[in-house]
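Report on the structure given below.
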Amino acid sequence: MNKLELIEKLKTEAGLTKKEAAEVVNLFFNEMANALPFPITA
């Protein structure tokens, strides 16, 4: 499942707008990346 699929699933299951779901997904991944003991580079 990629980020866009996750956003769509969250939108459907939680009754959020696409913008709200995208904000939740991005916040989640940003917080996960910040919690890692080493930097992430793309």
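Structure values in brief
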read-out	value
Near pairs, Cβ below 9 angstrom, 6+ apart or cross-chain, from the range 27-42 (under 22 Å from ILE7 (Cα atoms)) to any residue that is in a helix (DSSP H, G or I) and among the basic types (Lys, Arg)	PHE29/LYS3
Unmet criterion (only one of (1) exposed (fewer than 10 other Cβ atoms within 10 Å of the Cβ); (2) at negative phi) for LYS11	(1)
Number of positions in the range 3-42 that are assigned to a loop (DSSP other than H, G, I, E, B) and modelled with pLDDT of 95 or more	3
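The values are calculated or read from the model by the stated rules, or taken from the named source; none is laboratory data. Here the structure is a predicted model, which means the values were calculated and not measured. So basically every Cβ, Gly included, is an ideal-geometry build from the backbone, and we count neighbours across all protein chains shown.
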